[in-house]
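Structure, as structure tokens:
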Amino acid sequence: MGSVATLEKLLPVLLAFGCGALLAKRKVVPAEASKAFADYAFLFAVPCYLFGNIYASDLGALFNWRALSGYAATAALAVLLIGLAARASGVREPRGVALRIMAGVQVNTAYFAVPVFITLFGNAAPIFPVLLFQVCVLSLVVISIMELGRAEDDPDTLGSKPVRLARAVGASLTTPLVLACNAGIALNLLSLPVPKVVLDGFSFVGDSASPVALFALGLHLGGLGLDLRGTTREELALIAFKCVAFPLLAWAVCGGLFGVTGDWLKYLVLIAAMPTPQNLFIFAQRYGIGVDLSAALVIKSSVAALFLLPLWIQWAA
């Protein structure tokens, strides 16, 4: 894919994202409205899209276990590297280490990867297995560390550690995204028919997921603003790892060690190049750790990813 073709493919992404940022910056649409658009995309449109496409997919081709094993190994290595770097830089609080691991390893799937893959390839199916791995494994690890690292004397904390941990794990496994993926997989494996009118309805709603999610992200970032002069060395290091080192690591581990080739190697590299997820900011607020750092990483990694995506697409192709 040439440079011009790449930019043409990314034009709808930039248009939806940039329009949201511009309207929020000029206060035509309040930045607070991003929550309503994001909730629609996250809780309804994206799950509709995921369910319909997973149900109609060839699961044997979709769950490429060599590719997924390579990505899991890449993520594990990245977790180790960031954990060691955080400890070496003086971060001793377990929740602080977990937050930095999430910033450098987890990717923005629902609001960024899904719309970008739909625009580029007409299908976001390769993201589904990675999405399940991220939510059911990586997020659970971060949640466990956050819950177990919470102070015992916090007056706002209800229940024992096991109760809080079970509640958080249950909440993460029952999000609409995970439920939609699991329902699509189950009905696909059981070969249970779903009425065409239902699938058409899911498709109609799911088609709106991409532009609405990008517009919501643009509103959110446009409202917060971008302070490049105040970027710290730690922010630069985490953004560089997330947007440059992590995709290169995915290419080396998946391609070199696990023998992943062709389209799947390209997909995994592009998925790894996606920015830090908005959930990082939500986790930071919930557990009272690194809120300002999290907000800066979400914004700046998203901007960096937009600029770097054409290069990654060109290189991966």
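Peptide packing: for 267-274, 126-133, 61-68, 84-91, the average count of neighbouring Cβ atoms within 10 Å per residue gives the ranking 267-274, 126-133, 61-68, 84-91, highest mean first. In terms of overall dimensions, the C-alpha atoms belonging to the chain reach 54, 46, 44 Å along their principal axes, ordered largest to smallest.
With charges only on Cβ, +1 for K and R and -1 for D and E, what is the dipole size of the range 185-317 about its Cα centre, in debye, rounded to 20?
Numbers: 7 positive and 7 negative charges, 26 e Å.
Charge dipole, the range 185-317, about its Cα centre: 120 debye, nearest 20.
For the chain, the share of accessible area belonging to carbon and sulfur comes to 67 percent (1.4 Å probe, ligands and nucleic acids excluded). Comparing 294, 132, 88 along the charge dipole axis of the chain, the residue lying farthest to the positive side is 88, per the Cβ-charge model.
Computed about its Cα centre, the charge dipole of the chain is approximately 360 debye, with only Lys, Arg, Asp and Glu carrying charge at their Cβ.
In the context of the full set of protein chains, residues of the chain present 46 Å² of accessible surface per residue (probe radius 1.4 Å, heavy atoms only). Below 15 angstrom from the Cβ of residue 40, what's the summed charge of the other residues (Lys, Arg +1; Asp, Glu -1)? Neighbour charge sum, excluding residue 40 itself: -2. When only alpha carbons are used to place a centre, the range 233-289 and the range 29-95 end up 10 Å from one another. Derived from the Cα gyration tensor, the three semi-axes of the equivalent ellipsoid of the range 180-226 are 34, 13, 5 Å, largest first.
The translational diffusion coefficient of the range 234-317, from Stokes-Einstein at 25 °C and 0.890 mPa s with a Kirkwood hydrodynamic radius over alpha carbon pairs, comes to 182 µm²/s.
Close Lys pairs in the chain (alpha-carbon distance under 22 Å; sequence gap of 8 or more, or different chains): 8.
The share of C-alpha pairs in the range 70-130 whose separation exceeds 17 Å stands at 50 percent. Two numbers describe the Cα atoms of the range 40-83: Rg and Dmax, which are 15.0, 39 Å. Rounded to the nearest 20, the Cβ-based charge dipole of the range 13-76 about its Cα centre (Lys and Arg +1, Asp and Glu -1) stands at 320 debye.
The values are calculated or read from the model by the stated rules, or taken from the named source; none is laboratory data. Since we're looking at a predicted model, the values are computed, not measured. Quick reminder, even Gly has a Cβ in these numbers, built from the backbone with ideal geometry, and neighbours come from all protein chains shown. We work out accessible area using only protein heavy atoms, side chains counted, and drop any ligands, DNA or RNA first. Shrake-Rupley method; radii C 1.70, N 1.55, O 1.52, S 1.80 Å.
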